[in-house]
Each structure stands twice: as C-alpha cells, then as structure tokens.
1. Please give the strands (runs of 3 or more DSSP E) falling wholly within the stretch B:211-265 in which 3 or more residues are more than 24 Å from residue B:178 (Cβ to Cβ).
2. Of the conditions (1) away from chain B (no Cβ under 12 Å); (2) of a type outside the set (Val, Ile, Thr); (3) more than 30 Å from residue A:188 (Cα to Cα), residue A:48 fails just one. Which one is it?
3. Can you pull out the residues in the stretch B:111-127 that are more than 10 Å from chain A (Cβ to nearest Cβ) and open to solvent by 10 Å² or more (accessible area, probe 1.4 Å)?
4. Taking the conditions exactly as written (touching a strand residue (DSSP E or B) at 6+ places or on another chain (Cβ under 7 Å) and either surrounded by 17 or more Cβ atoms within 10 Å (Cβ to Cβ) or modelled with pLDDT of 95 or more (or both)), does residue A:358 satisfy them or not?
5. Being free of Cβ contacts under 8 Å to residues at least 60 places away in the same chain and more than 7 Å from every other protein chain (Cβ to nearest Cβ) is the filter here, so list the residues in the stretch A:63-79 that pass it.
6. Can you tell me how many residues within the stretch A:178-213 are β-branched (Val, Ile, Thr) and either open to solvent by less than 10 Å² (accessible area, probe 1.4 Å) or under 30 Å from residue A:356 (Cβ atoms) (or both)?
7. Across the stretch A:135-177, which residue is nearest to the chain's Cα centre (by Cα) among those that are basic (Lys, Arg) and open to solvent by 20 Å² or more (accessible area, probe 1.4 Å)?
8. Report, ordered by the first and then the second residue, all pairs with beta carbons closer than 8 Å, sequence separation of six or more or different chains, a first member in the stretch B:342-368 that is touching a residue at least 12 places away in the same chain (Cβ under 8 Å) and closer than 21 Å to residue B:397 by Cβ, and a second member that is open to solvent by 30 Å² or more (accessible area, probe 1.4 Å) and part of a helix (DSSP H, G or I).
There are 2 protein chains.
Amino acid sequence: MTKKDNRPEEMKLPDRDEHLIDWLNKVLLRTDILDYRYNLKGCGVWKGYGFKLRRNIMKIIRDLLEDTEIPHEEYLFPLLIPEPQFMKEAKHVKGFEEEVYWITHGGTTPLDVKLALRPTSETVMYPMFSLWIRSHQDLPLKTYQIVNCFRWEGKNTRPMLRVREITTFKEAHTVHATAEGAEDQIIEALDIYKRFFNDLGLSYIINTRPKWDTFPGADYTIAFDVLFPGRNRALQIGTVHNLGTTFAKTFDIKYENLEGDMTYGYQTCYGISERVIASVIVQHGDDQGLILPPNIAPIQVVVIPILFKKADEVKIIETCRNIKGFLDKAGIRAKLDESQQSPGAKFYHWEQKGIPLRIEVGPRDLKKNQMVTVRRDNREKQFISLDNIKETGDRIKKILNDLNDDLRKSLASNTREAISRSNDMDEAIELVENDKGVVEIPFCGSEDCASELEKRCDGLKFLGIPVRYMDFYDESENEYGELNGKSLANDELFCIICSKRTDKYWTIGRSY
Amino acid sequence: MTKKDNRPEEMKLPDRDEHLIDWLNKVLLRTDILDYRYNLKGCGVWKGYGFKLRRNIMKIIRDLLEDTEIPHEEYLFPLLIPEPQFMKEAKHVKGFEEEVYWITHGGTTPLDVKLALRPTSETVMYPMFSLWIRSHQDLPLKTYQIVNCFRWEGKNTRPMLRVREITTFKEAHTVHATAEGAEDQIIEALDIYKRFFNDLGLSYIINTRPKWDTFPGADYTIAFDVLFPGRNRALQIGTVHNLGTTFAKTFDIKYENLEGDMTYGYQTCYGISERVIASVIVQHGDDQGLILPPNIAPIQVVVIPILFKKADEVKIIETCRNIKGFLDKAGIRAKLDESQQSPGAKFYHWEQKGIPLRIEVGPRDLKKNQMVTVRRDNREKQFISLDNIKETGDRIKKILNDLNDDLRKSLASNTREAISRSNDMDEAIELVENDKGVVEIPFCGSEDCASELEKRCDGLKFLGIPVRYMDFYDESENEYGELNGKSLANDELFCIICSKRTDKYWTIGRSY
C-alpha cells in the first residue's frame, strides 16, 4: 500500500523496518515525545506531548494494579542506597555491580559511606519490609512504585531501549505467607501485564527464562518480549520474578505464623519500563511517523478546516469549532487546528504525531452538511452527516474503537507469523540468521548445549520456555492456534543439539 | 477544649505546639504517611496512605498549572548534570556548591566527567530551552515537572522540612519574549500558589525576599511562608523567582523577534515541595493526630458499626454496608471498618489518621433509622435520618464542605494574630523572642542594618517586604484588614535601626 511520498524533505523519516533505531530517534524528536540531545548520553527529556502519552499509559497500569482483589498500593522509596545495604545480597550484587553509579561526595565533603543510585529497588525496600512485617496479618504486602532508576551503560545507549536514566520504572514488590501465595501472585502479575499490553495493542511472547538468565537472586523469571518489525528481534518489555525466600533470609523478613513460629516470607517482584512505550511507538508506527492507539493518544481527533474561497471561510471555521465543541462534550480528546499552515502541511504534521483520526470540512462538505473522517492507520475515509450531533458522536467513537481493535489484530498476526518451529538445527539457525523471527526448538535445557548453539549463530539467545507449556497457563487464552503446546508433552521430542530426550520446546531468537 | 486523654499509651502523641518536630515524626510514622527509619538520614518512604494524600495534593497543583490561559505543560528532565554544565552560571553555583551530591564512578569505572544530582533544574533545563527556542512563535514556553532532587544537608535533617532527598519537588520554568511578559508570569504564579494554598486550607504570608536572600541568579524572589503553631516560626513553602536574562545569557536562550534581531528571553521559575504537605499536616493537626481537609483526605468518611448485643449485630452491619454503598455512589471516599477491634480503639485509630468525618450506627440509631456523624476537628455530633438516602448524602457533603471552610478560617485567624507591627526596636525583638510571631517594622532595606538587628536577636531573619505593598497586589484580596499596606507610602516612617526615612514596612521573624 506504499504510495509516493510527497512530503517535504524535513518531514521524511528513515524506513522503520530497515533503520529502526534511527527511525525511533527521529520520530521521538520530531513529534515532541523525547529529546535525546541532552548533554549526557542515554538521558532524554520527556516533552509535553510525550509526557501526556506516558501519563495515559501509566494510568492504565496504575488502575490494573489497584483494581486487584487485594489492591497494590503505590509507595515511594528513596533513590540512594548506602553501600553496605546494597552489598548485602551477594547474588544480587553480582548481577548489578558493573552497572551502579556511586556517589562519593556531598558538596566538597567526601562521604563516610558511598551511596549507590538504585538500579532496581530490592535492597532499598526489603530492609523496610523487615520493619513492617510482624505477623500473618501484615501479609500479603503488595506495593509498587513508579520511579527513575540508573544503570551505567557505557557508550552504547539506544533511545528508550538502553538508557542510563530509566525514567519510567514501574516495579511491584510483594510478600506472602506461603510459597503458594507467591505462586498465585505470579499468576496475578502475568494476568496484569497481559491485560496491560493488550490494552496498548501490543503483541508479545511470554517465556520462562533459562536458569542462567534469571534475575539475580530470583528462583525463576518469566519475561514478556515483543518482536520488533523488520528484523523481528525480541525486546524484553516486562519481567515477573519469583524470589522465594532468598531476599527474606538476607533482609530478615519474617512473620509470626498461626502456630506462633517466626517464618520467612515468600516474595515476588515484577517490573516494566519505558520500553513499553517504545514498543507502542515502534510496533504501531509506520514510515510516516506515529500511529497511536486511540485509548492512549493525547489527542484522539484533529479537526482541520479546508479553506479555498474567502466566501466559505467563516462558515467552515464555525462548523469546525462546533465539531470540536461536541467532541469535547462527548469526552473525545480533540484538537482544532486553526493555524495559518496549508491543509497539506497540517495533514503531514498530525499524521507524524500519530493522531488516530482526522476530520476535515471543506466547501463541498459545508454544502452537504457533512464532515470527512480519515483514519491514520489505513487512510479509510468516511463521509458523516452533521444533521444529528448525537449520532455523529457515536459514529466517531465507533471508528476509534474499531481502529484500536484493528491495530491490535494486525500486530498479533504479524507476531504469529514471526514464530516458527523447527526440529532441525541448521534450519533453526537459518531462520534466525535470515531475520525470520523466533524459533521454537526441542531442547534439553542444559547451559552447555545452549552455549554450543549460541556459538554457531551470532547474537542468538535462548529466550526460554513458552509459558503456554506451563501448568498454570489457561489454554483458552492461547493466541497462537496450532502452536498450542501442552499436548506436546506426549510427543517424541529430542534436543536438537545433544539429541537427549525432552518434553519441551524452547524459544530462541535474536534480541535487542 | 482539652479533655482528659484516655487513649492507650502507644496512641499518645507529644504536644504538637511544644514538640513540633517530634510530633511530626511520630504522626508521619503512625499514620502510614512517611517512614523515616530508612538507613540514610533525611530519606523517607512514602507509604500507601501518605502516597494517596500526596497524589490528591499534586492533582490540585497540576490542574491549576494546566488550566491557565496558556497552559503549563508537564515535562520530565534528567536527574544527572555533567559538571561543566552545572558550573556554567557562577552565581548559581555559588548558591549550591556545598549542597550538591557528586557521582564519580559508573560501576567500577571512574567517570571522565563528574555528574551532579540536580539540587534544582535550571542548569538541566536551560541548555535544552536554548535548542527549542528559535523565534517569538516558540514563546512563551511554560513547563513544569514534579521530581526528586537532592541536597546534602549534613546530619541536621528534619522530617519533610529539611531532607536529603526532596521527593516532591514541583518546579515550573517559563521563558517570555519581554520583561513585561515575565512580570505577568510572576503575577500568574503568585495567583496559582495562592489558590493552591487556599485549596489546602493553609494560611500564609507572602514577602519579597531581601536582595541578600534572593535565589542564586534571580533578579528577585517572592516567597510564601506559613507560620507553624506554638512557636510561630516561619517555614518557606513556595518561591517565585524573576530570573531576568541572567540564565538566558549564560545558556544562550535567544529568539528572533519581529524585527529580525536575536534577543534574549526573559525567564521565571517557581517551586514548591513536600513542605506544603508537611504544612497541611502541621497547621491542621492536633494532639490526637492528623486532621485532613476533606478535599484531599484519602478517606473522607469512616463508617463504624457499634455492636453491643448479638441480636442487632446483623442489622447494624447491614445498615453500615448500605451507608458505605450510598457514600460510594455519591462520590464520597468512604471506608467501612468491620474489623474485630472495639469501637473505642477504632475511634482512636481513625482520629489519628485524620479522617474528617466519622459515621456511627448503634442499636439506638437502628431503632430510629438514623446515623450519628462526628466531625474530626470540633467533635460536633449530628443525628441524621436514613429515611431519604438522597437527602442524607447531601447533608454529608454539606458537613464536609463546612469542615473544609472552618479549617481554613480558623487558621487564617491564627496567622493574623501572629502578625504584629512595631515601630520600636526593643519591642520588636521582644515579640520575636517571646515567640509571638512575625513583626512588621519600618526598615531602610540595607544589609548592614539587617545584620545589626540579627546580631541582637538569636535566629531572627528578614523575611522581606510584604507583597501587599507591591503595586500589582490586588487589595481586595488582602486578608489582613487593618494591616493593609499601600496607604502606608504616605506615612512618616523611619528605619528602626538607622532612623533613615523609608516608605516600607518589612517582615522579621524566626524561621525553620
């Protein structure tokens, strides 16, 4: 459906699929989402339009977390961690020691104790949990916070994907009386994230990460990845960790159980970051710029008067103002563009900004008492009568809803096409090397076999075991049809590396 | 109105007026607002209840900033500032150099360039403003952000009042084409803050700070102070700065004006922090704990069933659930306490948490189909019939509104009483030394005279010239009646230190 692009040179963008990072950087800058020209690599400025988008997206996750049967409560913990406290959990430190920023001076005074900037907040929160939790009545404790956190990333940063200041880190942390309580929480967390990503129209895969790629200190980690268009590489956008009692033992999180014994709490934590917002931008966007799902778009509809002849000007503008008025009343976030730009320039501008729906009124429409609507995603036009305002509002809402649904469906089908399955090592490697996406292979689960395969294919990574093979996974939610997994347990499967018998497929692919 | 306090020892609080800091610390901890037992002095944890209060308060300031004729837009700027960028504006550096935290290492790698944690964001934002502003069409630029910022405060920290991590720093920054544009912005900023503090029921004084106490780099600073009860000391809770072109020159913020010349922009900035929330807690609270204004209380009404006889239990609980149900529908934030605690214990608990209104239903009420309401501030009781749910809801709303108004009125009158005026140096000093509040004195404005007076009275500070003497101040808004100032310009006034003729009163007092 690619047409010749007549827009002026400075409006043109790199091909999204071929030059993804360049495309992302330019889109972020031009549409006033994030400006990375700050004097420190990997730190960006959220501008007004971007911040509104971020706010709408964060509202969805806040609501989901607070609407659970036992709600998560929002907290706010300190950024600074004294060195001994950060160093307490050895496994955890190992995972982060190369990434932590250290403060050594307050003013001109050297500090007695060095302070770390949080790379994540386990070591900040858990000493406090230890103070708060005394008896089983204090459990479950379900907290979350949305904060900035910091990881020293060397020079190799990427806009929103690999940054030094993660500006939008949503981390939830829970404590439970029993291992079963923590397991149930993992299921709730997966459910929250599925709904969240579904609301954003994202398409994703879910895998239990291999042992060697588990969060430092966790018993196991389940991760959500999106596949970015073009090269079909995986980007991790959310993780859910069962921490067992590792941190509880380190930070002495104990409660008195019903028998009067002091017992360690079972913990989970799960996080997302602005990578989710990047995914919305990348997965939905196209070579003209952003395409924002209506439910999160800061502006859902832009109204543009098409002025040719002086004679009609006043009436057309009046009609457009009326339309803007009834859209406001209908609770639709609308913008009327009365600037002096040409209609064409306005079209390009608002298209690049990803406004889901454009409304135009020109001289011909004025005569027919109608308006024209144009969808941002597929350019579909409709002519809608202005005779009955109530009906007109309802039709606009329906178009916006359809657009939301269509965005999601087309993405899900793209992702489905980028998942293949192979029982042959050479074929699997070829699929990955040719950017066909992720491949599911029968695999024994040993790190040695994994290393061997990784050596044979540059950038190949073991993403883990698809969760639809897990006992708790509800098959009715399986979006991948014939890739359904649980029945596989009965198949005759052999690891494609060592040929040992196995009952599981694993996902491999390249990732960001 | 003090009665004997029968509550258990662990519920008792220190006398608010006598032991303010101790009272504040205990109230914050016991009511789940902020927990300062974190392993680093001056850093606290916002807990669930406190975070909800913070959220309600921040919503008010966000709405005010975004509802102005030209709205302020919310942005989010980086936390880290490379040393050369921070050092660029010399006056500004001078003001902050002893307070800045320095990062020297990323992981185990020493950094080439040291990084400061923002103590405030001028040096973060203005290099970006310089990129964004090109022509007069880019002006005015009106931005704000709500972030954490950091000031090294030595060991002498105080909960919410003097902290190392300021968790709730709202800073607005604007750029204008002309000096007049910036002046108008100062008036808008004062108006926003007045409305904000009024909405919170705070009572405050506003003074133009002396030259020697102006924000580093600003032309002048106007500050809001509340007077804390008991010792009547001033706490600065908001500042508004006219920056002129100082920073524009340092950071090269220029635009092309209508004549085609490159011209420096005129800047303002204005900020508030969690000190505002501390003021709400301190000014409204009493020896029993918090008293939260209904418009910001996370829970506005608590419903408590009073159970004596088994027979009535089911019906009373049912009635309470119905009440909770219709409060929810009426949009009132309500909580039903069905826990196993005694009614007395529940009363103490919710009183300490500052819930503005308690509803009780006991066996006698059940018979009369009524409920009892008890106001948190003055313990006023009402018996309200449950015959007509609609009417009942309206009455509850009226009680909550009255409570909001009464809190504010009583505070304003306290503040008024704590402002006196004196033309005699010894009398003025005596008033300050006896904790009578702030005193307005005729003063010439010289720093030498100020130092002389400060030497004679421990902790005395020149808070500045009351804004009601300023030309732009709207006299109809003057809350202080006979203290009205503009007419003073005609009086015969002489500085009480050097006896030089002057036309202005200045405010002196002790401060936190």
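1. The strands (runs of 3 or more DSSP E) meeting that bar are B:220-227, B:234-244.
2. (1)
3. B:112
4. Details: touching a strand residue (DSSP E or B) at 6+ places or on another chain (Cβ under 7 Å): yes; either surrounded by 17 or more Cβ atoms within 10 Å (Cβ to Cβ) or modelled with pLDDT of 95 or more (or both): yes.
So residue A:358 fits the description; yes.
5. Of all residues in the stretch A:63-79, those free of Cβ contacts under 8 Å to residues at least 60 places away in the same chain come to A:63, A:66-67, A:69, A:78.
Result: A:63, A:66, A:67, A:69.
6. Residues that pass the stated criteria total 4.
7. Here the residue is A:162.
8. Cβ pairs passing all conditions: B:358/B:347; B:360/B:343.
The values are calculated or read from the model by the stated rules, or taken from the named source; none is laboratory data. Everything quoted here is computed from the prediction, not taken from an experiment. Glycine gets a Cβ as well: all are built from the backbone with ideal geometry, and neighbour counts include every protein chain shown. With ligands, DNA and RNA removed, areas are computed over all heavy atoms of the protein, side chains included. Shrake-Rupley method; radii C 1.70, N 1.55, O 1.52, S 1.80 Å.
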